[in-house]
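See below for the structure under consideration.
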Amino acid sequence: MIFLALKTYKQSTGDQVIGLLSSVKKIIAETNVPIIAVAQATDIYRIRKELDIEVWAQHVDPIDPEKNTGWISPYSVKEAGATGILINHSEHKVKEEVIIETIKKARQYNLKIVLIGQTVEMIKKFDSFNIDFLSFEKEDLIASPISMIDQQEETIKSLVKIVKHPLIIGAGINDGEDTRKSKAAGAAGVLMATYFVTAPDPEKKLRELAKGFR
């Protein structure tokens, strides 16, 4: 399973995101590996309609669809076509009380949830929350040449044995070897963006990543 958390790169915005993701459906068919685009709120509707692939929101706020100018409601991303959300990415961390309220609001609209923790202690605590996936990522390894699976392989293997939710590995995931090693360690998938979005040939890179899970 690959979550493409597309950040706010120019290459993953507007017209360009459609081209960037144009091979996703084909690669899913070829490899049978689930690939989920995690997009900016402004691009969710277009990705869903034009490409007919699963898309999640990078962030939502714990609000109802009322007087909340400038915020992103779970209702709005659901109506746009999103089927899930990320919470607490290292580039958009929120307090624990906000995490709890966001989970409650997301569940009202049947949105799936990846909750991200940056430490082992957070992962263990978040495992008790009402979510679908846990993601473990160290902030200093995001877009790093050192991947989480290389630096934290033994920790990941230990976590997989004790958490009840499927574990997703984020930060520094670069190539098919990283996805292969993540699967071998027991992870259910990876959360990544930079090495896909900035690749000279994104389709080739995504196919390589997907084949690592076969």
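Within the range 1-57, considering only strands (runs of 3 or more DSSP E) that don't extend past its boundaries, which have at least 2 residues that are of a type in the set (Val, Ile, Thr)? Explain how you work it out, then say what you get.
Details: elements: 2-5, 35-39, 55-57.
The strands (runs of 3 or more DSSP E) meeting that bar are 35-39.
Would you confirm whether any residue within the range 145-163 is within 17 Å of PRO34 (Cα to Cα) and crowded, with 16+ Cβ neighbours inside 10 Å?
The initial filter retains those residues of the range 145-163 that are within 17 Å of PRO34 (Cα to Cα), namely none.
Among the residues of the range 145-163, not one is within 17 Å of PRO34 (Cα to Cα) and crowded, with 16+ Cβ neighbours inside 10 Å, which makes the answer no.
Among the helices (runs of 4 or more DSSP H) confined wholly to the range 174-214, which include 1 or more residues that are touching a Pro at 6+ places or on another chain (Cβ under 7 Å)?
194-197
Could you pull out the residue among LYS157, LYS125 that is among the basic types (Lys, Arg) and without any contact (Cβ under 8 Å) to a residue 24 or more places away in the chain? It would help to see each step written out before you state the result.
Details: LYS157 fails: without any contact (Cβ under 8 Å) to a residue 24 or more places away in the chain.
Exactly one residue qualifies, and that residue is LYS125.
Residue check: is SER76 in a helix (DSSP H, G or I), small (Gly, Ala, Ser), touching a helix residue (DSSP H, G or I) at 6+ places or on another chain (Cβ under 9 Å) and closer than 23 Å to LEU6 by Cα?
Working: in a helix (DSSP H, G or I): yes; small (Gly, Ala, Ser): yes; touching a helix residue (DSSP H, G or I) at 6+ places or on another chain (Cβ under 9 Å): yes; closer than 23 Å to LEU6 by Cα: yes.
For SER76, the condition - in a helix (DSSP H, G or I), small (Gly, Ala, Ser), touching a helix residue (DSSP H, G or I) at 6+ places or on another chain (Cβ under 9 Å) and closer than 23 Å to LEU6 by Cα - is met.
Please enumerate the residues belonging to the range 102-122 that are part of a helix (DSSP H, G or I) and either touching a helix residue (DSSP H, G or I) at 6+ places or on another chain (Cβ under 8 Å) or at pLDDT below 95 (or both). Working first, answer last.
Step one: list which residues in the range 102-122 are part of a helix (DSSP H, G or I), which gives 102-108, 120-122.
The answer is THR102, LYS105, ALA106, GLN108, VAL120.
Does ALA106 count as surrounded by 19 or more Cβ atoms within 10 Å (Cβ to Cβ), under 30 Å from GLN151 (Cβ atoms) and not β-branched (Val, Ile, Thr)?
On the way: surrounded by 19 or more Cβ atoms within 10 Å (Cβ to Cβ): yes; under 30 Å from GLN151 (Cβ atoms): no; not β-branched (Val, Ile, Thr): yes.
So ALA106 does not fit the description; no.
Which members of the range 54-95 meet the condition of being β-branched (Val, Ile, Thr) and closer than 18 Å to ILE36 by Cα? Even if it seems obvious, please write down each step before you answer.
Here is the first cut: in the range 54-95, the residues β-branched (Val, Ile, Thr) are 55, 60, 63, 69, 72, 77, 83, 85, 87, 94.
Passing the criteria: VAL55, VAL60, VAL77, THR83, ILE85, ILE87.
Can you name the number of the only condition in (1) outside any helix (DSSP H, G or I); (2) of a type in the set (A, V, I, L, M); (3) touching a strand residue (DSSP E or B) at 6+ places or on another chain (Cβ under 9 Å) that ILE99 fails?
Only one criterion is unmet by ILE99, namely (1).
In the range 1-38, what count of residues is obtained for those that are touching a residue at least 24 places away in the same chain (Cβ under 8 Å) and farther than 25 Å from ARG214 by Cα?
Within the range 1-38, residues that are touching a residue at least 24 places away in the same chain (Cβ under 8 Å) and farther than 25 Å from ARG214 by Cα number 9.
The values are calculated or read from the model by the stated rules, or taken from the named source; none is laboratory data. Remember, it's a predicted structure, so these values are computed and weren't measured experimentally. Cβ sites come from the backbone with ideal geometry, for glycine too, and all protein chains shown count toward neighbours.
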